[in-house]
Protein chains: 2
Amino acid sequence: MGSEREPQYVHAHAGDNVAVVVNPGGLPAGARFSSGLKLREAVPEAHKVALADLAAGEAIVRYGVPIGYAHRAIARGSWVHEGLMTLPEPPELSSCPLATDVPAPLAPLEGYAFEGFHNADGTVGTKNILGISTTVQCVAATVDHAVRRIKAEVLPRYPSVDDVVAITHPYGCGVAIDAPGAAIPIRTLRNLSLNPNFGGEILLVSLGCEKLQPVRMIPAGALPVLEEAPSVAVMQEARHGFGEIVANIMELAEKKLRRLNERRRTTCPAAELVVGLQCGGSDALSGVTANPAVGFAADLLVRAGATVMFSEVTEVRDAAHLLTARAATPQIAQDFLREMAWYDEYLRAGGADRSANPTPGNVKGGLGNVVEKAMGSIAKAGTTALRGVFAAGERVTQKGLVFAATPASDFICGTLQLAAGMNVHIFTTGRGTPYGLAVAPVIKVANNSGLAARWHDLIDVDAGRIATGEATVEKVGWEIFLLVLDVSSGGKRTWADRWGLHNEFVLFNPGPVT
Amino acid sequence: MGSEREPQYVHAHAGDNVAVVVNPGGLPAGARFSSGLKLREAVPEAHKVALADLAAGEAIVRYGVPIGYAHRAIARGSWVHEGLMTLPEPPELSSCPLATDVPAPLAPLEGYAFEGFHNADGTVGTKNILGISTTVQCVAATVDHAVRRIKAEVLPRYPSVDDVVAITHPYGCGVAIDAPGAAIPIRTLRNLSLNPNFGGEILLVSLGCEKLQPVRMIPAGALPVLEEAPSVAVMQEARHGFGEIVANIMELAEKKLRRLNERRRTTCPAAELVVGLQCGGSDALSGVTANPAVGFAADLLVRAGATVMFSEVTEVRDAAHLLTARAATPQIAQDFLREMAWYDEYLRAGGADRSANPTPGNVKGGLGNVVEKAMGSIAKAGTTALRGVFAAGERVTQKGLVFAATPASDFICGTLQLAAGMNVHIFTTGRGTPYGLAVAPVIKVANNSGLAARWHDLIDVDAGRIATGEATVEKVGWEIFLLVLDVSSGGKRTWADRWGLHNEFVLFNPGPVT
């Protein structure tokens, strides 16, 4: 442990009685900061140091809120680790303030645009992909087989199409399809097939005897945005075996490819972006580098008229009172509380609570508990008013900053954000994860320069420069904003896309399997 | 509707008051059977006809048990469809008989063997596969990338290795890892890596910061059967980016491939087989053709000393009293009841019950409800005593007929049976499903000749010949038994393997995600 640089910490809010050490490798006992504070013991990078003597039971304050209570007296200059902190109670939902502190609108930001694919329903794609949807897990291996052949034999003839993606999943049968939780995976599958990057062309593969029949997955009339009904291939209707089944899928796919291939990018205002925010593998720096920079970019996007969605219920639960106050209307605040209450009950029924959220990596990275994680996490959402709340799997229909309720699990969250209509994704990470999605570009932002250097060919933006003073939150925020426009135009490719790192869809199914 | 063949039905048990029409395409009103019975209305193929006048409220008896009660009076010769039947209550668990009707052992069957790969732990593989396990969803896309490269660049140098399989899954983080339900997916992942077809070579890829750390997934000492500790690649330890990460996985993989490549098949008694039984897309013929034939094969396998496991809790729940009576000891019966009670509660907590099981295809195929489905389903288990019961994800350690508790969902069941140690799989189907697994060969048995003809290049055995009188249950049972030996020896390849139809692993996670 040690550093050649001057000992340095980040003090997030004026009232905080802890700060975060930012020196790579941490600092040894005896290290002295420019403020005069001297470490009583070694403190690892991204971990907290006490700025004042804390009495037993006293609140440990970071981001201006109590992130925990001291187990015992903690002397100034000590390492404030998770073992010293008691988890506070979560905010009582019934006493959260409703739209009491609505931020004034920021000045509109004009003149920013990207090159996208206009869809008939008014949405805009940042990629031009043929999606092949499936009603049921039984057809997945067959569709994968067909997609391999389409990519090898057919796609090369349609060079304006970026990719062919099989939307396979373990749902559709062997599940309690009328159970209270079943609505979520069903609408997720429906709305996934409507993602703007699929261009409104739906090709659906069904087995024939499954519970989730095509008309249940995509009911007639449920899709006013579609120009025509989905094309459906039903495997059990094949009279001549596997060869016919595959040929049928390939023939329908080629019809879609022909149409998709005629599309061209045109200039679209930045307002057509639907940006999903997420973090994975966070540490205590997330809330002072990457997430605030993304928050600044989020504000720029909102000012430009775009939709920006944040998610991950267990990572905002402890900030519920702050977010309901920021809601544009009392109804939006109530909608937010409804989602929090649903999740509280979901976890309770499973014998868990929000304290199940932090990972060993989070804790090793200095996050004392889920409260500290949440306060860092919501920095991504910037400073604007909360304009809408959407339940898991719902399609977002609102501009500005919205909350799309999802679990924090990276891949479930990403899948649900795609179902919500996301066409570009920003993902912040501290410990590092090689996250990627096939359907929308994923811009990965590192919260520390060490990770950005080690994973130079996986990380797209280094926000660690904020901690070291090499760049400001504003500067990195603008970089992210401009990179979003570039990536969405098919210009610069993300590292995940360059390597073809595309995680599978993961459905959120709170209902039982049978 | 109609048929050129003589009208024909199958009457399963002497006391049954319904029988099943077996003519392809069904029969029209007025059709007369050789018994003298005349149809009062058209009856579809595989659907039931009343053999006697039934009063309102009277039991509808098939397989010798009430599968339902008549809503209203039903005249002899009528179509007895699901709309006329009330679902019976499930057997009360507390009053199920314990080991009261234990079948006498059948004569041992000597002299049957196959060519398999002996493992250090005493198990035998039917394939020689390198499995790459993962602790967490975050590494899945990277491992998939590495596996593509290993298959293209490395595997060709090791011709005795059959395949490289990535054991990827959406678990390991973003989940409540201490919730009551979490033990199931964790032990499933552990035991999957121990499947006999992986030859005892474990290569584990970890991210580094996940909740399911390698030592938790595979604790030291948990694997007395392993000669050495698993090889572990931790992505976050890489100092030089994605290239290093992939190179590291490939290097460890090549070490394993070198060892696996030295293995040769040797002659093993049939007793080394661990056979998983499953059905998917059943109809009313399943219980008279494919499942009894598989049941006959199961008895042959048990006589030869093999392990035969059946599963699918919701499809045996209504036969609980029959199976507890067949248990070899009262303790085994109690173990079985414990699994039934767990699942009753799991479904209840999710707002569902066993009636959620049948699919539209089951019903269209003549299965009136889950009771009728269950009675047909347990025919697969043959006639021998129940020798053991294992919870979901546990490794089976008992020869003879055992129950491995799993959901009925085909891919969850298959995954759990692989974790239980299955080295060959028999799958019966009526409506048709293109099911396949990468790790163990899947023999697909059709319960009707129409499906076998239509899907000539997906179905391995046509048990429909039993309904038409072209073959007996015994004859088809022996065919299946001999095919199991042949396929397990690396001789005849199943259709799923010929096409490379390999469904993904699907974990059973009754715990909440966060």
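The values are calculated or read from the model by the stated rules, or taken from the named source; none is laboratory data. The structure presented is a predicted model; accordingly, all values stated were derived computationally and were not measured. Cβ sites come from the backbone with ideal geometry, for glycine too, and all protein chains shown count toward neighbours.
For B:VAL363, which of the numbered conditions (1) without any contact (Cβ under 8 Å) to a residue 24 or more places away in the chain; (2) surrounded by fewer than 22 Cβ atoms within 10 Å (Cβ to Cβ); (3) within 14 Å of another protein chain (Cβ to nearest Cβ) fails to hold?
It fails just one condition, (1).
Return yes or no: is A:ALA247 more than 30 Å from A:VAL396 (Cα to Cα), hydrophobic (A, V, I, L, M, F, W, C) and either surrounded by fewer than 17 Cβ atoms within 10 Å (Cβ to Cβ) or without any contact (Cβ under 8 Å) to a residue 12 or more places away in the chain (or both)? Quick ask: steps written out before the conclusion?
Details: more than 30 Å from A:VAL396 (Cα to Cα): yes; hydrophobic (A, V, I, L, M, F, W, C): yes; either surrounded by fewer than 17 Cβ atoms within 10 Å (Cβ to Cβ) or without any contact (Cβ under 8 Å) to a residue 12 or more places away in the chain (or both): yes.
Spelling it out, A:ALA247 is indeed more than 30 Å from A:VAL396 (Cα to Cα), hydrophobic (A, V, I, L, M, F, W, C) and either surrounded by fewer than 17 Cβ atoms within 10 Å (Cβ to Cβ) or without any contact (Cβ under 8 Å) to a residue 12 or more places away in the chain (or both).
When you check A:THR329 against the structure, is it surrounded by fewer than 24 Cβ atoms within 10 Å (Cβ to Cβ) and among the β-branched types (Val, Ile, Thr), yes or no?
Numbers: surrounded by fewer than 24 Cβ atoms within 10 Å (Cβ to Cβ): yes; among the β-branched types (Val, Ile, Thr): yes.
Yes.
With respect to B:LEU109, determine if the residue is surrounded by fewer than 18 Cβ atoms within 10 Å (Cβ to Cβ) and in contact with a Leu (Cβ under 7 Å, 6 or more places away or on another chain).
Values: surrounded by fewer than 18 Cβ atoms within 10 Å (Cβ to Cβ): yes; in contact with a Leu (Cβ under 7 Å, 6 or more places away or on another chain): yes.
Against the criterion (surrounded by fewer than 18 Cβ atoms within 10 Å (Cβ to Cβ) and in contact with a Leu (Cβ under 7 Å, 6 or more places away or on another chain)), B:LEU109 qualifies.
Working only within the range A:387-428, note down all residues that are at pLDDT below 95 and aliphatic (A, V, I, L, M).
Listed by number, the list holds a single entry, A:ALA408.
Could you tell me whether any residue of the range A:506-513 is touching a strand residue (DSSP E or B) at 6+ places or on another chain (Cβ under 6 Å), within 14 Å of chain B (Cβ to nearest Cβ) and β-branched (Val, Ile, Thr)?
At the first step, the residues of the range A:506-513 found to be touching a strand residue (DSSP E or B) at 6+ places or on another chain (Cβ under 6 Å) are A:513.
Within this subset, residues satisfying the condition of being within 14 Å of chain B (Cβ to nearest Cβ) are A:513.
Now drop any that are not β-branched (Val, Ile, Thr), which leaves A:513.
The answer is yes; a qualifying residue exists.
How about the range A:355-440: which helices (runs of 4 or more DSSP H) wholly inside it have at least 3 residues that are among the aliphatic types (A, V, I, L, M)?
Details: elements: A:360-364, A:370-377, A:410-419.
So the answer is A:370-377, A:410-419.
From the list B:ALA46, B:ALA70, B:ALA140, exactly one residue is within 14 Å of chain A (Cβ to nearest Cβ), surrounded by 17 or more Cβ atoms within 10 Å (Cβ to Cβ), touching a strand residue (DSSP E or B) at 6+ places or on another chain (Cβ under 7 Å) and closer than 30 Å to B:GLY26 by Cα. Which is it? Outline the logic, then answer.
Working: B:ALA70 fails: within 14 Å of chain A (Cβ to nearest Cβ); B:ALA140 fails: closer than 30 Å to B:GLY26 by Cα.
From the options B:ALA46, B:ALA70, B:ALA140, the qualifying one is B:ALA46.
Go through the range B:470-492 and give me each residue that's acidic (Asp, Glu) and touching a helix residue (DSSP H, G or I) at 6+ places or on another chain (Cβ under 7 Å). It would help to see each step written out before you state the result.
If we filter the range B:470-492 for residues that are acidic (Asp, Glu), which is where we start, we get B:470, B:474, B:479, B:486.
B:GLU474 - this is the single residue of the range B:470-492 that is acidic (Asp, Glu) and touching a helix residue (DSSP H, G or I) at 6+ places or on another chain (Cβ under 7 Å).
Yes/no per residue for (1) within 14 Å of chain A (Cβ to nearest Cβ); (2) touching a residue at least 40 places away in the same chain (Cβ under 8 Å); (3) crowded, with 24+ Cβ neighbours inside 10 Å:
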| residue | (1), (2), (3) |
| --- | --- |
| B:ALA381 | no, yes, yes |
| B:GLN398 | no, yes, no |
| B:PHE403 | no, yes, yes |
| B:CYS413 | yes, yes, yes |
| B:ALA419 | no, yes, yes |
| B:GLY436 | yes, yes, yes |
| B:THR468 | no, yes, no |
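From A:VAL136, A:VAL164, A:VAL175, which residue is within 19 Å of B:ALA408 (Cβ to Cβ) and in contact with a helix residue (DSSP H, G or I) (Cβ under 8 Å, 6 or more places away or on another chain)?
Numbers: A:VAL136 fails: in contact with a helix residue (DSSP H, G or I) (Cβ under 8 Å, 6 or more places away or on another chain); A:VAL164 fails: within 19 Å of B:ALA408 (Cβ to Cβ).
Going through A:VAL136, A:VAL164, A:VAL175 in turn, the sole match is A:VAL175.
Can you tell me which residue in the range B:143-184 is farthest from the other protein chains (Cβ to nearest Cβ), limited to those that are closer than 18 Å to B:ALA438 by Cβ and among the small types (Gly, Ala, Ser)?
Among residues in the range B:143-184 that are closer than 18 Å to B:ALA438 by Cβ and among the small types (Gly, Ala, Ser), the one farthest from the other protein chains (Cβ to nearest Cβ) is B:SER160.
When the residues of the range B:485-501 are narrowed to those that are facing chain A (nearest Cβ under 9 Å) and surrounded by fewer than 20 Cβ atoms within 10 Å (Cβ to Cβ), which ends up farthest from B:TYR343 (Cα to Cα)?
Initially, the range B:485-501 is screened for residues facing chain A (nearest Cβ under 9 Å), giving B:495-496, B:499-501.
Imposing the further condition that a residue be surrounded by fewer than 20 Cβ atoms within 10 Å (Cβ to Cβ) reduces the set to B:499-500.
On the way: B:TRP499: 35, B:GLY500: 34 Å.
Ranking the qualifying residues of the range B:485-501, first place goes to B:TRP499.
Here is a list: B:ALA166, B:ALA120, B:ALA146. Which entry is touching a residue at least 12 places away in the same chain (Cβ under 8 Å), in a strand (DSSP E or B), of a type outside the set (Val, Ile, Thr) and over 30 Å from A:GLU315 (Cα atoms)? First the steps, then the outcome.
Working: B:ALA120 fails: in a strand (DSSP E or B); B:ALA146 fails: in a strand (DSSP E or B).
Result: B:ALA166 is the single residue among B:ALA166, B:ALA120, B:ALA146 that is touching a residue at least 12 places away in the same chain (Cβ under 8 Å), in a strand (DSSP E or B), of a type outside the set (Val, Ile, Thr) and over 30 Å from A:GLU315 (Cα atoms).
One line per residue, one yes/no per condition, for (1) over 30 Å from A:THR324 (Cβ atoms); (2) in contact with a Pro (Cβ under 6 Å, 6 or more places away or on another chain); (3) modelled with pLDDT of 95 or more:
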position	(1), (2), (3)
A:TRP79	yes, no, yes
A:GLY83	yes, no, no
A:CYS96	no, no, yes
A:LEU130	yes, no, yes
A:THR142	yes, yes, yes
A:HIS145	yes, no, yes
A:VAL165	yes, no, yes
A:GLY174	yes, no, no
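Among (1) of a type in the set (D, E, K, R); (2) in contact with a Gly (Cβ under 8 Å, 6 or more places away or on another chain); (3) not assigned by TED's automatic domain parsing to the domain that holds A:GLY280, there is one condition A:GLU479 misses while meeting the rest; what is its number?
Of (1) of a type in the set (D, E, K, R); (2) in contact with a Gly (Cβ under 8 Å, 6 or more places away or on another chain); (3) not assigned by TED's automatic domain parsing to the domain that holds A:GLY280, only one is false for A:GLU479: (2).
How many of the residues in the range B:1-60 are more than 36 Å from the chain's Cα centre (by Cα) and under 13 Å from B:VAL288 (Cα atoms)?
Looking only at that region, the number is 0.
State all residues of the range B:464-502 that are of a type in the set (Gly, Ala, Ser) and closer than 19 Å to B:VAL308 by Cα; if no residue qualifies, say none. Break it down into steps so the answer makes sense when it comes.
Kept after step one, since they are of a type in the set (Gly, Ala, Ser), are these residues of the range B:464-502: B:464, B:467, B:469, B:471, B:477, B:488-491, B:496, B:500.
Once the filter is applied, which keeps residues that are of a type in the set (Gly, Ala, Ser) and closer than 19 Å to B:VAL308 by Cα, the range B:464-502 yields B:GLY477, B:SER488, B:SER489.
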